[in-house]
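One structure below.
The values are calculated or read from the model by the stated rules, or taken from the named source; none is laboratory data. Note that this is a predicted model, so its numbers are computed, not measured. Virtual Cβ from ideal backbone geometry, glycine too; neighbours counted across all protein chains shown. Side chains are part of the model used for accessible areas, which takes the heavy atoms of the whole protein and leaves out ligands, DNA and RNA. Shrake-Rupley method; radii C 1.70, N 1.55, O 1.52, S 1.80 Å.
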Amino acid sequence: MQMVSHGLMTALFFAVIGMIYERSHTRMVAEMGGLMKVMPFITTTLFIAGLCSLGLPGFSGFVAEMTVFMGSWQNKNAYAHVATIAACMSIVVTAVYILRAIGQAVMGPIRKEAFLKITDAAWNERLAAIILIVGIVAIGMAPFWLNNLINVK
């Protein structure tokens with residue numbers, strides 16, 4: 001479950017980050033800002049990837065992380081319990097990092113005049129992103145079909 005979720009989520013992240021770089025020609029978050037105004041689809045997709053990454057319920061990242069945490073917690077070893085608690089606490093750090101980085105990049109005023117000329121996603125970019133988002137949400141909302149597929153003997 002974690003591998004499938006991670007594959008969908010990182011594919012979406014790489015695609016969206018590539019779209020942003022192709023248009024803005026920068027990888028520096030500090031130089032970005034206000035991109036939501038000129039690229040609403042791309043930046044919304046970036047938020048969706050981020051929310052999946054931090055394990056928000058309803059997305060595949062939540063289901064995947066919960067299965068890993070529950071499996072780890074079932075181990076009778078005390079070290080496994082400590083590691084599981086530490087991993088669960090790291091969710092907070094991830095949430096702060098992801099939301100802060102995305103917020104700086106896409107919210108607020110536009111920092112560069114050149115960003116006003118940026119275009120949003122083309123139809124083929126939208127189609128690819130939507131397919132990945134559908135997979136992320138399908139697993140997040142109804143994970144049992146994938147779980148049953150994985151557990152076929």
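Quick one: check the C-alpha center-to-center distance for region 100-124 versus region 23-49, whole angstrom.
Comparing the Cα centres of region 100-124 and region 23-49, I get a distance of 4 Å.
Of the residues G18, G103, G55, which exhibits the maximal mean-square fluctuation in a Gaussian network model of the chain defined by a 10 Å Cα contact cut-off?
G18
Angle, helix 2-24 long axis vs. longest principal axis of the chain, Cα atoms, 0 to 90°, nearest 10?
Its long axis makes an angle of about 10 degrees.
Are there trypsin sites (Lys or Arg not before Pro) in region 1-51 that DSSP marks as loop and that have at most 16 other Cβ atoms within 10 Å, and which are they? Before the final figure, lay out the partial values.
Working: sites: R23, R27, K37; in loops: R27.
Answer by residue number: R27.
For V16, what charge total do you get from the other residues with a beta carbon under 15 Å from its beta carbon, if Lys and Arg give +1 and Asp and Glu give -1? Numbers along the way, then the final one.
Working: positive: R23, R27, R126; negative: E22, D120, E125.
For residues surrounding V16, the net value is 0.
Quick check for me: using +1 on Lys/Arg Cβ and -1 on Asp/Glu Cβ, what's the dipole size of region 22-153 about its Cα centre, in debye to the nearest 20?
Details: 10 positive and 6 negative charges, 16 e Å.
Dipole magnitude for region 22-153 comes out near 80 debye.
Would you look at the GNM of the chain, springs on alpha carbons closer than 10 Å, and say which of M32, M141, M70 moves the most?
Greatest mean-square fluctuation among the candidates belongs to M70.
Quick one: angle between helix 60-73 and the longest Cα principal axis of the chain, in degrees between 0 and 90, rounded to 10, please.
In the chain, helix 60-73 runs at an angle near 30 degrees to the longest axis.
Find the accessible area per residue for the chain; the probe is 1.4 Å, ligands and nucleic acids are left out, and the unit is Å².
Values: 9140 Å² over 153 residues.
It amounts to 60 Å² per residue over the chain.
Hey, of [x] 58, 32, 19; [y] 56, 39, 31; [z] 46, 31, 26, which did the structure itself give for Cα extents along the principal axes in Å when calculated?
Checking each listed value against the structure points to [x].
In degrees from 0 to 90, rounded to the nearest 10, what is the angle of the helix 123-141 Cα long axis to the longest principal axis of the chain?
For 123-141 against the chain, the angle is about 30 degrees.
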